[in-house]
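Below is one structure, written out as structure tokens; comments come after it.
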Amino acid sequence: MKPSKPSGQQQAAALKTVRQWFQARGWEPFAFQREAWEAYGAGRSGLIHAPTGIGKTYAAGIGPILAWLSDHTAGKGGATVPPLQVLWITPLRALAAEIQTALQQAVDDLGLPWQVAVRTGDTSAAVKQRQKKKLPTVLITTPESLHLLLSYAGARERFGRLQLAVVDEWHELMGSKRGVLVELALARLKTWQPAIRIWGLSATLGNTAAALQVLLGTSAEQGLLIRGNAPKTITISSILPDGMERFPWAGHLGIKLLPRVVATIESAASTLIFTNTRAQTEIWYQALLEARPGWAGRLALHHGSLARRERERVEQALHDGGLKAVVCTSSLDLGVDFSPVDQVIQIGSPKGVARLIQRAGRSGHRPGRPSRIICVPTHALELLEVAAARKAVEQQAIEPRVPVRQPLDVLAQYLVTLAVGDGFQPEALYHEVRSTHAFQDLPRTAYDWVRDFVSTGGETLSAYPEFRKIVRKNGRCTASSPKIAGRHRMSIGTITGDAAIVIKFLNGRRLGSVEERFVARLKRGDIFVFAGRRLEFVRLRDMVLYVRASRAPQGPIPQWLGGRMPLSTELAAAVRSQLDLAARGVRASAELEALEPIMTLQAKWSTIPGPGELLVEKLVSRDGHHLFLFPFEGRLVNEGLAALLAYRLSREKPLTIAIAVNDYGFELLADREIPLTVFEAATLFAADDLADEILASINAAEMGRRQFREIARVAGLVFPGYPGRRKHGGQIQASSSLLYNVFQRYAPDNLLLAQATREVLERQLEYRRLRQSLERMARAQLRLIALDQPSPLAFPIMVDRLRSRISSEKLADRVRRMQIRLEKKAGE
Amino acid sequence: MPGSKTITMENVTTHRARGQKLRLLPAKAVFWQEKNMLIVADPHFGKAQLFRERGIPVPRGTTATDLQRLTRLLADLQPASLLFLGDLTHGPVNNPERYEQLVAAWRRRHAKVRLLLVSGNHDQQAGVPAPFAFDWVGRVRQEAPFVFTHQPQDFAAGYNLAGHVHPAVAMAGWGGLKATLPCFCFGPDQGLLPAFGGFTGCQVIRPRRADRIFVIADDAVIARPAQATPGG
């Protein structure tokens, strides 16, 4: 069946054909593309990293086409569509169609009898059924859809002749559990087809070499790292407020700068406006339309909660160049290819260097032209971040992506996925799973525990017959019933959805989705803003909120969870150096100059902390006794530090401490005085027993419970329900927080609880960074300042409150006191 | 005899409805003093087992613990009768033997107490396990001045006490602290009990102005001031 090895002549001819095809389209293959094709021809795997939109698709996709052309000189090969050769994994459904178009073009023009097709959650049932019989030659799919394919019998035959697996946007996948899904699937494919080549496509990261290792697992030594064309230069500027006294220190929005933003948009033909949250997207879209009603129809909105059709309409319009501006979130960070815009506006700090580069890269693709990004601060201190980001880009201090290690919830899901398909041999699978980067150190005991957990509920079979999900037959583990299989396929995937409410017009047109807790606050007749429209709540039925358009002037805007990004380590370090410049009066940039009035005030009322100093401010207000500390470590680490200090302080004597954080510092708000002298005790910043104490402090803060939501969903503890059925999950529906309570009480040794704890430490609190920060605080020279009023650094924290609670008091006492306060307030 | 007993538990709050003394217990139960009756709603016994049978590995022990909690209440209060306000059993299980053994043993221990069940929506599907040996089962139970049902309903005949809702309220207070706590909710014509079961969730309700709310915080029942209710 397999043709004999092609001669050098055939290879040269194939390369010539492809080159001519490139030239016919006005291109010349880039050096990195040719390098990738050669490497593919030599049977190698690797990672190609380059900025978005410069030919990574063809760098990876042409290799197998060349091989085919070499193998099948004209006349041979016939017109029968060959079985699956190339698997293309993309994190976003939205990108699949675009990759299909690009590859289809090459396949058609070069006369290959290949079929190129997409399979994602959006693919119709009829097409999926056809694909179940025979997969196309090139299959473009998502990690979740790939796992679904693995959950059907006959997967090995379907994937057995795969030549190439491409993982697109690997930088986006590798830091997430979806990346682990990819690692596991690749390990399976390698077992079936040891000669398979694996290529990752990625943006440039701080740890590109590590990205290669994670992709290839134990076979990483043979991997090749190919660097794409050098990135363009980026110019970063800010819209500076006219006068600092008219500028809000902690205004939630930079909306006061609206007229300047409007003028900036007017000055260019096309603009992308990135915001950091979906809610801000809605707010800015409304504000821009109000400022320039004439832009109606040429101003668009794009975020991840909009219905696919709504988003596609905007993407198409962007393609066609018919838009003046699009307000968007990170939903347009990734791949989706459109002609570059003239400029990019970033509302609020980008919070990370890689993100800034990625977003800036959306503008000015013309050769020799720099990318232009204009930052709009949402509060004055964000100007520091802009100046810091500029410096970091100069120094190419780009964030690394930290790969996920040993997520047992993903393993639990995967074992069931395989069991409901062809089944698995536990011994062989253990070794296969350990060939991935994520599970390379997986202890046998943990593997066996997960297997027992999903097979028998973690109990000996004989004792309780009621739980029997996976059974062992002839040495293979398979699902005990088709019902189990059906239910499991519904829940494959790792993306956590808070219960989402779909928003539809009365005529059934779908607009998108919002979180249940937003809808819970609304009642019939209420007006809210979504998808750039003012909508009236008509009725809520079966997780669908029916709405009609409204002419009412105002309404609330939904807040979505998870919108807030912390300042990255790289950018935080750059911010500290900028602050140091400011403290020394160096006006190295327009941003620092603009900040001078604020810095002067900070120095007057308090002080600007220099390197090696820790600033602690104290303030008494009607709310209570405030302490402000400024580690400048990003909100995650600051939150962890705040919880830890609150815990340590309240251990000494019963205290109720409320916490507020931002990226620069945190506030401890206590009901009675905490003397500043406590900070002089070395024990307060001690790093001994840190993990235990952090955990003790976060137990109270319920972070574990939050983290368990995702784990419960991934491990199949929370059943998402059948689509189109009235009741979601019905009798076996339980919230993850209820499950968390039950596990804590009745099965405290459950490894998934331990994982929740570990994820809280690693992901929510960035434990290692937190530890380093604590050590730095312990060494720092303390600057203890009693304030008469909030300082410029403290004020934003007071305003931008994210409260979590820590208390050594009993819940009952606390509630009593809440009640007394409420009564007092009611009596005022 | 009514009123003759001393309740051994502390932190018990008394609410008066239609002249009757209802003792609100932090164990999520009500003791009707005049009738010497213990009332609980929504235990959802056997729920974890149902999950396990459908392939969701929830730990065991919730139902046994809930029965022990009932035992303690019965021992402490010595009521003449125990009334369940519906959703006694969560759903039909495939392997009921162990559950039924547990219940039978529990019932033998409390053979003297009169067991009453106002059946709920879950009971329609799950059926009423025989080992409970109920003295009375029905959809509506009237004992003046109260009318007991599972789902809240309006009655001219009396004050309605019901379950079904699993009520909870969101408390917001000093310094932005927040907590969602299960509660008792007493309106002018109707009272809701919190869910008794250890493996049950709760639903945040929006109390009306006239509703009196008692939240359960650890081992205490605390009245929430009526003025603090949001909305109206």
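The values are calculated or read from the model by the stated rules, or taken from the named source; none is laboratory data. These figures come from a predicted structure and were not determined experimentally. In this analysis, Cβ positions are derived from the backbone assuming ideal geometry, glycine residues included, and neighbour counts consider all displayed protein chains.
Annotation: A:H488 fulfils all but one of (1) outside any strand (DSSP E or B); (2) modelled with pLDDT of 85 or more; (3) in contact with a Lys or Arg (Cβ under 8 Å, 6 or more places away or on another chain); the unmet one is (3).
Once the stretch A:413-461 is narrowed to residues that are touching a Cys at 6+ places or on another chain (Cβ under 8 Å) and of a type in the set (S, T, N, Q), the residue that is surrounded by the fewest Cβ atoms within 10 Å (Cβ to Cβ) is A:Q425. Restricting the stretch A:730-753 to residues that are under 23 Å from the mean Cα position of the chain (by Cα) and either more than 9 Å from chain B (Cβ to nearest Cβ) or crowded, with 17+ Cβ neighbours inside 10 Å (or both) leaves a set whose member that is nearest to B:E53 (Cα to Cα) is A:S736. Number of residues in the stretch B:50-64 that are within 22 Å of the chain's Cα centre (by Cα) and more than 21 Å from B:D123 (Cβ to Cβ) equals 2. Looking at B:T65, is it among the β-branched types (V, I, T), assigned to a loop (DSSP other than H, G, I, E, B) and either surrounded by fewer than 22 Cβ atoms within 10 Å (Cβ to Cβ) or at pLDDT 95 or above (or both)? Criteria not met by B:T65. Any residue in the stretch B:135-144 that is touching a strand residue (DSSP E or B) at 6+ places or on another chain (Cβ under 7 Å), within 14 Å of chain A (Cβ to nearest Cβ) and surrounded by 15 or more Cβ atoms within 10 Å (Cβ to Cβ)? So far as the stretch B:135-144 goes, no, none of its residues is touching a strand residue (DSSP E or B) at 6+ places or on another chain (Cβ under 7 Å), within 14 Å of chain A (Cβ to nearest Cβ) and surrounded by 15 or more Cβ atoms within 10 Å (Cβ to Cβ).
Only residues that are basic (K, R) and either surrounded by 16 or more Cβ atoms within 10 Å (Cβ to Cβ) or in a strand (DSSP E or B) (or both) were counted across the stretch A:764-792, and they come to 3.
Out of all the residues in the stretch B:38-46, is one or more surrounded by 22 or more Cβ atoms within 10 Å (Cβ to Cβ) and over 28 Å from B:F155 (Cα atoms)? Checked the stretch B:38-46: at least one residue is surrounded by 22 or more Cβ atoms within 10 Å (Cβ to Cβ) and over 28 Å from B:F155 (Cα atoms). Considering the stretch B:159-198, and only residues there that are within 30 Å of A:H625 (Cα to Cα) and among the aliphatic types (A, V, I, L, M), the residue that is modelled with the lowest pLDDT turns out to be B:L177. Within the stretch A:129-146, the set of residues being more than 23 Å from A:G179 (Cβ to Cβ) and either in contact (Cβ under 8 Å) with a residue 60 or more places away in the chain or surrounded by fewer than 16 Cβ atoms within 10 Å (Cβ to Cβ) (or both) comprises A:Q129, A:R130, A:K132, A:K133, A:K134. Before we move on, is A:V182 under 20 Å from the mean Cα position of the chain (by Cα), modelled with pLDDT of 95 or more and not assigned by TED's automatic domain parsing to the domain that holds A:R434? Against the criterion (under 20 Å from the mean Cα position of the chain (by Cα), modelled with pLDDT of 95 or more and not assigned by TED's automatic domain parsing to the domain that holds A:R434), A:V182 qualifies. Filtering the stretch B:73-120 to residues that are surrounded by 21 or more Cβ atoms within 10 Å (Cβ to Cβ) and either of a type in the set (G, A, S) or at positive phi (or both) leaves B:G86, B:D87, B:G91, B:S119, B:G120. Taking the conditions exactly as written (assigned to a helix (DSSP H, G or I), at pLDDT below 80 and under 29 Å from the mean Cα position of the chain (by Cα)), does A:R706 satisfy them or not? Yes: the conditions hold for A:R706. When B:Q78, B:Q68 are checked against the criterion of being within 26 Å of B:L192 (Cα to Cα) and within 14 Å of chain A (Cβ to nearest Cβ), B:Q68 stands alone in meeting it. Scanning the stretch A:267-321 for residues that are in a strand (DSSP E or B) and acidic (D, E) yields nothing. The residue that is nearest to A:G228 (Cα to Cα), counting only those in the stretch A:1-28 that are at pLDDT below 90 and touching a helix residue (DSSP H, G or I) at 6+ places or on another chain (Cβ under 6 Å), is A:Q11. For A:A165, the requirement of being surrounded by fewer than 21 Cβ atoms within 10 Å (Cβ to Cβ) and either touching a Ser or Thr at 6+ places or on another chain (Cβ under 9 Å) or not polar (S, T, N, Q) (or both) is not met. Looking only at residues of the stretch A:131-159 that are in contact with a strand residue (DSSP E or B) (Cβ under 9 Å, 6 or more places away or on another chain) and in a helix (DSSP H, G or I), we find that the one that is farthest from A:T80 (Cα to Cα) is A:P143. On the stretch given as the stretch B:197-218, residues that are in a loop (DSSP other than H, G, I, E, B), within 10 Å of chain A (Cβ to nearest Cβ) and farther than 28 Å from B:Q49 by Cα total 1. The residue of the stretch B:78-101 that is nearest to B:V140 (Cα to Cα), among those that are among the hydrophobic types (A, V, I, L, M, F, W, C) and modelled with pLDDT of 95 or more, is B:L85.
Scanning the stretch A:643-665 for residues that are in contact (Cβ under 8 Å) with a residue 40 or more places away in the chain and of a type in the set (A, V, I, L, M) turns up A:A643, A:L644, A:A646, A:L655, A:I657, A:A658, A:I659, A:A660, A:V661.
Being assigned to a helix (DSSP H, G or I) and at pLDDT 90 or above is a description that applies to A:Q100. Exactly one residue among A:D452, A:D448 is within 12 Å of chain B (Cβ to nearest Cβ), outside any loop (DSSP other than H, G, I, E, B), out of contact with any Leu (no Cβ under 6 Å at 6 or more places or on another chain) and without any contact (Cβ under 8 Å) to a residue 24 or more places away in the chain, and that residue is A:D452.
Restricting attention to the stretch B:106-139, the residues that are in a strand (DSSP E or B) and of a type in the set (A, V, I, L, M) total 5. Please find, within the stretch A:541-556, the residue that is modelled with the highest pLDDT out of those that are surrounded by fewer than 17 Cβ atoms within 10 Å (Cβ to Cβ) and touching a helix residue (DSSP H, G or I) at 6+ places or on another chain (Cβ under 9 Å). Among those residues, the one meeting the criterion is A:M543.
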